[in-house]
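Undergrad: Just passing along the structure, written as structure tokens.
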Amino acid sequence: MAGVSAKEIKNRIRSMESTKQITKAMEMVAASKLRRAQMQVTASRPYFEILYSAIQDIVRNNTENELPYLHSVRKGERRIAYIVIAGDRGLAGGYNSNILKKCYEEMKGTDAVVLPVGKKALDYFRARKAALFSESYPEAEDVSVGDCFSVAKALCKAFRAGEFDEIRIGYTRFVSVLSQVPETMKLLPLDVVADNEEGAADIMYEPESSEVFEKIIPEYLGGILYGALCECRAAEQAARRTAMDSATKNADEMIADLSLKFNQARQAAITQEITEIVAGS
Amino acid sequence: MTTFPLKIVTPDGLQFDGQAEELIVRTTSGDIGVMAGHINCVAPLGMGRATIVTEGKKLYAACIGGILSVVNGEVKLVPTTFEWADQIDKDRADRSEQKAKNALADKNLSRMELEMAEAKLKRALVRKSVADMMLNR
């Protein structure tokens, strides 16, 4: 074997094996976390969907045009607030970079404010000097339902005060264990759908329509935020599991390859020794 | 009795999905009762007891925050927290009541802390009263 000695190869095999152990362990941790996150996501999905459809129903059947949150109150240049949810840790394949890139590309050239959730999102936007709405959510894993509702309240307040005229959310949708899709979704202002006229049935608001909207929309935003967070958590674990699974497989392959090389090198050394003895006698 | 489709969901999952005869919930402007054929209606929920009549039985729950929406006969109740009376952890409610009361005894609370403690106390009291109803029946 030219160049590499048997000892060097042996060292590489050893280090590869310890790496494999780590990736294997991480895969198993991610798999068990994934199971929990998956349960949470399936539990929260009906909430997500029903909340969304309830608000859509209300907006579609609404005949009043002057309600809060239907239009932005801001005058002048368009400014968009992005809520971007990413993970706290790396080693999850393309999970973090996919969502961050997608959001960054979308907000490029526009006047955007970012509310990053998760350490990776915070670091990414800080490094790119984006305007940040709040830096108080560096740990995506620690964000609770209550936090979601208080963020929603703060965002709604800023929206009403005219700090921005659109709120969008960037999150990763958990489609299956093998597929996670980064997506952005518009949350506010609520779109008034065109078929306003025919399907319009009068809605009784209790108390006042504007008051109802003022109370309901922060709840809606909080609920959607929590749903998105659940999706993200499951997606992160699924991405990490897949990434670690393929890392373990790669390590296996490399170990097999190196073992072959090691055996060849050892055999070559033995052959050489025999040749030398035979030649010497 | 005529029934109407009712769905109750919280962030923790679907709590009820089926036909109901009557629903009474506490909204921010008082109790609202819904029966089949109710007109379209939207209301934010307050903190209080929710009563659901289904198959002739009355079910009680503590229902806090969220939205009630009746659109074209379909009733969707989307509360932040919703606990059936028999699933309420009364000890926890007792503890949080005590905690909130202790917090309220402090005179130098900021406005936000005060509001939070008051909300906590209210939630605890709602939970306790709903749990008690269950026992007294």
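The values are calculated or read from the model by the stated rules, or taken from the named source; none is laboratory data. As the structure is a computational prediction, the values presented were derived from the model and not from experiment. Virtual Cβ from ideal backbone geometry, glycine too; neighbours counted across all protein chains shown. Only protein heavy atoms, including side chains, enter the accessible area calculation; ligands, DNA and RNA are left aside. Shrake-Rupley method; radii C 1.70, N 1.55, O 1.52, S 1.80 Å.
Undergrad: How far is it, in nm, from the label point at B:H38 to the one at A:A161 when both lie 7 Å from their Cα along the line to the Cβ?
TA: Spacing of the two 7 Å Cα→Cβ label points: 3.6 nm.
Undergrad: What helices does chain A hold that run 30 Å or longer along their axis, going by alpha-carbon atoms, with a Kyte-Doolittle average of -0.5 or more, using DSSP H for the helix calls?
TA: A:6-61, A:209-280
Undergrad: Let me ask something else about it. Over the protein assembly as shown, what is the percentage of antiparallel beta bridges among all DSSP beta bridges, to the nearest 5?
TA: 70
Undergrad: Could you provide, to the nearest whole Å², the per residue accessible area of the range B:4-86 with probe 1.4 Å?
TA: Spelled out: the 1.4 Å probe surface of the range B:4-86, per residue, equals 35 Å².
Undergrad: Search the structure for amide H atoms under 5 Å from the amide H of B:G66, placed 1.01 Å from N in the peptide plane, and list their residues when 5 or more places away or on another chain.
TA: Under 5 Å from the amide H of B:G66: B:L45, B:T80.
Undergrad: Where both partners of a DSSP beta bridge lie in chain B, what percent of those bridges are antiparallel, to the nearest 5?
TA: Of all bridge pairs located within chain B, approximately 95 percent are antiparallel.
Undergrad: Give the angle, between 0 and 90 degrees and rounded to the nearest 10, that separates the Cα long axis of helix B:111-136 from the longest principal axis of the Cα atoms of chain B.
TA: It works out to around 60 degrees.
Undergrad: For chain A, with a Gaussian network of springs between Cα atoms less than 10 Å apart, report the residue from A:A268, A:A235, A:A256 with the top mean-square fluctuation.
TA: A:A268
Undergrad: In nm, give the distance between the simple-model label positions of B:R95 and A:D191, each being 7 Å from the Cα along the Cα-to-Cβ direction.
TA: Simple spin-label model gives 4.6 nm for this pair.
Undergrad: Shifting gears a bit: Would you kindly find the accessible area of B:C41, with a 1.4 Å probe and non-protein molecules such as ligands, DNA and RNA excluded, rounding to the nearest 10 Å²?
TA: 0
Undergrad: I would also like to ask the following. Beyond a 27 Å Cα-Cα separation, which of these cross-linked pairs lie in this structure: A:K129/A:K153; A:K120/A:K215; B:K58/B:K101?
TA: A:K120/A:K215; B:K58/B:K101
Undergrad: Mind checking which of A:S259, A:P218, A:S176 is farthest towards the positive end of the range A:134-281's charge dipole, using Cβ charges of +1 (Lys, Arg) and -1 (Asp, Glu) about the Cα centre?
TA: The listed residue farthest towards the positive side: A:S259.
Undergrad: Order A:Y104, B:Y60, most accessible first, counting only protein heavy atoms with a 1.4 angstrom probe.
TA: Numbers: A:Y104 70, B:Y60 30 Å².
Ranked from most to least accessible, the order is A:Y104, B:Y60.
Undergrad: Continuing with the same structure: Using only DSSP helix segments of four residues or longer, with each worth -39500 (n - 2.57), what per-residue ellipticity at 222 nm results for chain B after dividing by its residue count and rounding to 500?
TA: The per-residue figure over chain B is -10500 deg cm²/dmol.
Undergrad: I'd like the antiparallel share, as a percent to the nearest 5, of DSSP beta bridges with both residues in the range A:67-220. All intermediate terms of the calculation are to be shown ahead of the outcome.
TA: Details: 8 of 22 bridges.
In the range A:67-220, DSSP labels about 35 percent of beta bridges as antiparallel.
Undergrad: Which value, in Å² rounded to 10, gives the accessible area of A:S150 with a 1.4 Å probe and all protein chains present?
TA: About 60 Å², ignoring ligands and nucleic acids.
Undergrad: Accessible area lost on pairing A with B, both sides, 1.4 Å probe, Å² to nearest 100?
TA: Protein heavy atoms only, the A-B interface buries about 2100 Å².
Undergrad: Full extension from A:E105 to A:Y52: what is 0.36 nm times the residue separation minus their Cα-Cα distance, to one decimal in nm?
TA: Full-extension gain reported as 16.4 nm.
Undergrad: Follow-up question, since we're still on this one. With labels modelled as points extended 7 Å from the Cα through the Cβ direction, what inter-label distance (nm, one decimal) is found for B:E55 paired with B:N72?
TA: In this crude label model, B:E55 to B:N72 measures out at 2.9 nm.
Undergrad: Can you give the net charge of the other residues whose Cβ lies under 13 Å from the Cβ of A:T110, counting K and R as +1 and D and E as -1?
TA: Net of charged neighbours comes to -2.
Undergrad: Accessible area per residue for chain A in Å², computed with a 1.4 Å probe and the full protein assembly in place, what is it?
TA: 52
Undergrad: Only sites in a loop by DSSP and with at most 15 other Cβ atoms within 10 Å count here; which GluC sites (Glu not before Pro) in the range A:65-144 make the cut?
TA: A:E66, A:E77, A:E135, A:E139, A:E141
Undergrad: Continuing with the same structure: For the range A:212-257, which residues drop by 40 square angstrom or more in accessible area between the chain on its own and all protein chains together (1.4 Å probe)?
TA: Those residues are A:K215, A:I216, A:E219.
Undergrad: Further question on the same structure: Would you calculate, for chain A, the mean residue ellipticity at 222 nm contributed by helices, counting each DSSP H stretch of 4 or more residues as -39,500 (n - 2.57) and dividing by all residues, to the nearest 500? Working shown, then result.
TA: Numbers: 5 runs with 166 residues, N = 281.
Roughly -21500 deg cm²/dmol at 222 nm, from the helical runs in chain A.
Undergrad: Of B:L125, B:L59, B:L14, which has the largest mean-square fluctuation in a 10 Å C-alpha GNM of chain B?
TA: Of B:L125, B:L59, B:L14, the Gaussian network model singles out B:L14 as fluctuating most.
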